[in-house]
Structures are given as structure tokens and as C-alpha cells.
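Undergrad: My structure is below; once you've seen it, I'll send some questions.
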Amino acid sequence: MFHKILIPLDGSRLAETAIDAAVKFDGSAIILVTAIDLPKVPIYGYETLNASLPTFEVDAQSIKSWAHAYLERVSEPLREQGFEVSYGVDVGAPEDVIVKTAAEQGADVIVMCTHGRTGVGRWLFGSVTHKVLGSAHCPVMVVPNRQKMTHSEGDITTTA
């Protein structure tokens, strides 16, 4: 039985499908985490770099505030179902934040959804799930992406 379940969320409905799998473990405490992966250097024109640095910090703070509000919204229905829920927001590469949080919080399992990227998309963006699988100290339950991208008359549509 898993007592502490870590669920990484990125704000997408797809990532939230991991919640459905996690709630099947009755009596478990749920830990939600969101990673904020900020660029190492603010991306501004050379002429405004010095004037823009404080704006960069304000932007980072507003992203953190949004993430906290998002996780609180996601927590509410879980608490109503009787789960003990905690959450956190950390800055860093998502795979590092997930693995670090799981270790610090003593998670028994990480439940996460894969975005299902393949080919060039996976090469460009990497696979957070793959990196977590390779470095997590606890089991990782991967919820497959059930949405497939298809081409229909030149448009890309999502099907379930």
C-alpha cells in the first residue's frame, strides 16, 4: 500500500489525468508539485537588459503565485474526497524538482502522466517521465497519454 503519493502537475489537463489513477489508492496522502523551469538569463534586448532584470524577478514571482493558486484549486476536490493533500512549487528542471521533492517528502510512489511525445518532439523537449524513471528513489507509475494526435485534412486534431 502506498501512503504518500507524489503527483507532478504542469497545469495541463493531460497531467491531471494522473490524479485519477492516484485516487484509487484509498487512505493515501497526496503531494502535488509543480516545477517552474525559468530561463537562466532573462531574454531581453541588449539595450534594456539592466532595466529589465527587476521585471524578470516579478515575472518569476507571478508564475509562482499562479502555480500556488492552481495547486490549491486542484487540492480542494481531493480534500473533499477525504485525502490529506499538501503541495509545493519549486524552481528548476521538472525532473530534478520531482525527484528531489519525492525524496524530501518520503514519497512511496510517483504517479505521473506522459505527454506521449515521439520523434523530433521528444528529441527537442526530452522526456521528463523518462528522466524521472531513471533517477527516482521510489517506484514511478506512468499513466499513458490516451489522447492521440491525428492529421485530418491538414489540421491536427486531438482524439480520445
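Undergrad: Any idea how many residues of the range 1-34 are surrounded by fewer than 17 Cβ atoms within 10 Å (Cβ to Cβ), within 14 Å of Y70 (Cα to Cα) and among the charged types (D, E, K, R)?
TA: 2
Undergrad: Looking at the range 73-104, which of its residues are part of a strand (DSSP E or B), crowded, with 17+ Cβ neighbours inside 10 Å and β-branched (V, I, T)?
TA: V85, V89, listed by residue number.
Undergrad: May I pose another question? Return the total of residues in the range 44-92 being β-branched (V, I, T) and either more than 14 Å from L32 (Cα to Cα) or modelled with pLDDT under 95 (or both).
TA: Looking only at that region, the number is 5.
Undergrad: Mind checking whether some residue in the range 132-155 is modelled with pLDDT under 55 and in a helix (DSSP H, G or I)?
TA: Within the range 132-155, none of the residues are modelled with pLDDT under 55 and in a helix (DSSP H, G or I).
The values are calculated or read from the model by the stated rules, or taken from the named source; none is laboratory data. Please read these numbers as outputs of a predicted model, since none were measured by experiment. Glycine also receives a Cβ, built like all others from the backbone with ideal geometry; neighbour counts cover every protein chain displayed.
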